[in-house]
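We did not get these values from a lab; they are worked out from the coordinates using the rules stated. Keep in mind the model is a prediction, meaning the values are calculated, not measured. Here the Cβ is made from the backbone with ideal geometry for all residues, glycine too, and neighbour counts use every protein chain on show.
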Amino acid sequence: MLGLVVAGTLVPATAASAAPLATTAPGVDLGPNVQVFDPSMPVEQIQAAVDAVAAQQVPSQFGDGRYALLFKPGTYGTAEHPLKFQVGYYTEVAGLGQNPGDVVVNGSIEVFNQCFPTAPGAPTDCTALVNFWRSLSNLTINVAGQTGCRSGTNFWAVSQAAPMRRVNITGGQLSLMDYCSAGPQYASGGFIADSTFGNVVNGSQQQFLVRNSSVTGWTNSVWNQVFAGVEGAPAADFVTNKYTTLDTTPVTRERPYLYVDAKGKYQVFVPSTQKNARGVTWADGSTPGKSLPLSSFYVAKPGDSASKINTALALGKNLLLTPGVYHVNKPLTVLYPNGVVLGLGLATIVPDNGVVAMQTLDVPGIDIAGIMFDAGEKTSPALLQLGTKLSSLDAKLKRPLLSSPDNPTAVQDVFFRIGGEHVGRATNSLVVNVNQAVIDHTWAWRADHGTGVGWTVNTADTGVVVNGNDVLATGLFAEHYQKYNLIWNGERGRTIMFQNELPYDAPDQAAWQHDGIPGWAAYKVADTVKTHEAWGLGSYIYTNVNPTLHARRGFEVPVTSGVKLHNAITISLNKAGTIDHVVNDTGDAVTPDFLGPAVVAEFP
């Protein structure tokens, strides 16, 4: 998860708790942790509200706070009085227009490095390596009010699980590193989709996926930079710059979002599926798709029971989870085709008694977005299960109801955590049993720091298991699981950008091996699979508990003409751990003496 060592611990929050927030939308109750801003409000009032949330959430890596800051259509801030604020943990910032141009912020919406305690006289330790779990979407930022080193730049120095979607940056550049704070300024992200910006300072980002966007310049690279369907993307070059560039994305289904229509009514917009797309969905006007009235949703609040939520789902309601932590004692079950489950403010689901936290039936078009799953103390077989095992039989049984290439099941910005906040355990995090699915940005993380962390404490075998056929993953992050981090059993699977760190904490080789093979590969394609393709893959090893440990392979795939990997790398971090080969028995070893990267540009 970190990619490099971060010394010290988080600085405790010193600010008072954020002021109570209440929606300003008449007749709509989105819960106590949603603030809806109107352009008629004085900028000083908005500034005070967003600053109160930032003061609480910027240092709060592990905590119960969940917030959504939503902006109705209009303009906020001016050149003379810009609106400038930071986005902390578990905070969603989003415009409520139908398109990004409907909400304009003159100012900046930013994430900076965090500085951690160091010993007296030691170098500063200011990084973005743990800037997780936040989001920015559906608005325009006209960069204003920045001075000195930060002049003309909106900083978004994030790592995993911090997506930027449907954002238009004007009047300045976007920087994905905080080069104005004391170093070392590392970052380990990230994901951008359906956005437009001018020059981007990529800087220290170890890996990044930009999908279906527009950019005029991209500076620097580290290990694994992937562009799919991006206008103005740098040319493919995995020798010098580690750029993987695809002209289009095979299938895209953008994330649903809340907006206010011309009559002031709340709707949820569900973008249409696109194939072989390039650039943003809103370039020629509104994004194609359909609107669902908020009345078609059950608007859940923390404290609602699983039974209450399931009753609403059984009655055909979609589900909107307002910000907060939801404890469930039975699976939340999505039953019907085209059902939408949308979280605000990284709404978090915790299974309390070892159940699957959420599952779907074998129907097409379900969309699950903006949710975090946090494993409970009793082991769950999975945290999110899409479909039943019968789904993999679609083609054989010719049951078209169960999957549709034009109406895939979709998961966007759904994150999984095993430990960190508390003891958590799960055999698998995400299990995909449906065919024709799009997994668009997910991070499955077995915690390497925080509370409830240890080889025999936050136990978890595998992050992602794909059993369905014709599944596409764009922006797939899976880290620190104790066996394979990903297992792909389905046919015709595709991955565009994969990021992994192997587990840090195995005590010895005997604890981390199978069938006489040291370690477990990060990315395993089953031996029975005939067709599979992946682009831009990275696996890193940092076994700080026992630096002598080996993994035989970073990637393990069947040797057949239909299985192809493009641009796969392995790296040994900070002289701790060895990966003997990149793909199967191909590729150089990375070791404490040769950190890498070791590269296999094409396999076979």
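Relative to the Cα centre, the charge distribution of the chain, modelled as +1 at Lys and Arg Cβ and -1 at Asp and Glu Cβ, gives a dipole magnitude of about 1100 debye. Label-to-label distance, residue 599 versus residue 64, with points set 7 angstrom from Cα along the beta-carbon direction: 5.0 nm.
Listed values for segment 529-543 are Karplus-derived 3J(HN,Hα) couplings in whole Hz (6.51 cos²θ - 1.76 cosθ + 1.60, θ = phi - 60°), namely 6, 9, 9, 6, 8, 8, 10, x, 10, x, 10, 10, 10, 8, 9, and x replaces Gly and Pro. Under Stokes-Einstein, with the Kirkwood radius over Cα pairs as Rh, the value for the chain at 25 °C and 0.890 mPa s is 103 µm²/s. The separation of segment 328-344 from segment 246-277, counted between C-alpha centres, amounts to 19 Å. Using the Cβ-Cβ distance between residue 272 and residue 508 with R0 set to 45 Å, the FRET efficiency works out to roughly 0.30.
With the highest mean first, a sort of the peptides 109-116, 189-196 on other beta-carbon atoms found within 10 angstrom per residue produces 189-196, 109-116. Going by neighbour counts of Cβ atoms within 10 Å, the residues 170, 287, 127 line up, fewest first, as 170, 287, 127. Sorting the segments 78-88, 350-360, 219-229 by their mean number of nearby beta carbons within 10 angstrom, highest to lowest, gives 219-229, 350-360, 78-88. You can think of it this way: the chain between residue 241 and residue 179 has 20.3 nm of extra reach, that is 0.36 nm per residue less the Cα-Cα gap. Converting phi to 3J(HN,Hα) with the Karplus coefficients 6.51, -1.76 and 1.60 and the offset θ = phi - 60°, segment 119-131 yields 5, x, x, 7, x, 5, 10, 10, 9, 10, 5, 10, 7 Hz in sequence order, with x at every glycine or proline. For residue 527 and residue 311, the difference between the fully extended length at 0.36 nm per residue and the C-alpha to C-alpha distance is 73.6 nm. In terms of surrounding Cβ atoms within a 10 Å radius of their Cβ, 603, 71 rank from fewest to most as 603, 71.
Please list, by residue number, every one of the trypsin sites (Lys or Arg not before Pro) in segment 263-307 that is coil in DSSP and has at most 10 other beta-carbon atoms within 10 Å.
263
Full extension of the segment from residue 149 to residue 220, taken as 0.36 nm per residue of separation minus the current Cα-Cα distance, would add 23.7 nm. Using θ = phi - 60° in the Karplus curve 6.51 cos²θ - 1.76 cosθ + 1.60, the 3J(HN,Hα) couplings for segment 145-154 round to x, 7, 9, x, 4, 8, 4, x, 9, 9 Hz; x is entered for Gly and Pro. Counting only Cβ charges, +1 for Lys and Arg and -1 for Asp and Glu, the dipole size of segment 248-487 around its Cα centre is about 480 debye.
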